[in-house]
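To start, the structure under review is shown below, and the notes come after it.
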Amino acid sequence: MTGRLVTEIMDTRSLKELVALVESDISRYMSQKKEYSERLGSFLRESEEKYGDEDWFKQLSLDEKLPKGKSKKKEKGGKKKKKGRKGGKQEEWVPFLSMHLSSSVQGEAELMFEVIEAITARIEELEGAKASLEELRSVGIGEEVSYIVLLKEGVPEKIVIKPTGADAVQKFKFSRGFTVQMLLSQRPS
C-alpha cells in the first residue's frame, strides 16, 4: 500500500519536488514489478511439471511471453471464466459479495498476471506524467508561483498554476493573454 489516498490534492512550490515524487513512485513500482515477475516465474516453473500439458497453463505461458505493452483482454461483466479444465470441469471465478473467489492454481496464476499488468500500466502513466512535468519545468514559469496538483491514484492529472506575488499575478495574466493572442493570430484561414 502506498499510504496515499486514491484521489488527493497536493500543494507545492516546486515542480522539481513533484518530479522527484513521481520518480520515487516509478522506482517503487518497478521494484514491485520485478518482485512479482520473479514470483510468477517461480510459480510457472514449479507448476509446469504438473500442469504443463493443460491448455490453461499453455495459454498463461504464452501470455507471459507477449511483448511488453501487450496486455491480456479482460472479459466484460466482471465475471471471469477460465477456458482450461481441471478434473473435467470448467473453472471460473465465483462472485462473493463485492469480489470474486477461486480455489484453483489457475486463479493464483491469473492474480499474478493481473498485478503485473496493473503495475505496468501505472508505470506508463507515471512516466507520461513525468515527461509532462519536465516539459512544464523547461517552460520556465518562474519562482513566484505555487502549484495545486490533483493526484489520482498517485498520478498527477491536473495542475493549477497560482501566482503568489502581486507583481507575479499581473505578469502571469499578461503572459497568458499574450500567448492566447499569438495562437489566434497564427490560426489558418
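Values in this text are rule-based calculations from the coordinates and carry no lab data. Nothing here was measured: the structure is a model prediction, and the numbers come from that model. All Cβ positions, glycine included, derive from the backbone under ideal geometry; neighbour counts span all protein chains shown.
Name the residues of the range 138-154 whose amide N is less than 19 Å from a point 7 angstrom out from the Cα of residue 7 along the C-beta direction?
So the set is 148-154.
Enumerate the amide H contacts of residue 153 below 5 Å, restricted to partners 5 or more residues apart or on another chain; note that Pro and chain-start residues carry no placed amide H.
For residue 153, whose amide H was placed from the backbone, the distant partners under 5 Å are 7, 8.
Under a plain spin-label model, where a point goes 7 Å from the Cα along Cα-to-Cβ, how far apart in nm are residue 143 and residue 48?
5.9 nm
Can you list residues whose amide H is under 5 Å from residue 164's amide H, if they're 5+ apart or on another chain and H is modeled 1.01 Å from N?
145, 146
If you average the C-alpha positions of the range 124-157 and of the range 21-44 separately, how far apart do those two centres end up, in angstrom?
Going from one Cα centre to the other spans 24 Å.
What list of ³J(HN,Hα) values in whole Hz, one per residue of the range 117-130 in order, does the Karplus curve 6.51 cos²θ - 1.76 cosθ + 1.60 (θ = phi - 60°) give from phi, with Gly and Pro shown as x?
Listing the rounded values in order: 4, 5, 5, 4, 4, 5, 4, 4, 5, 5, 5, x, 5, 4 Hz.
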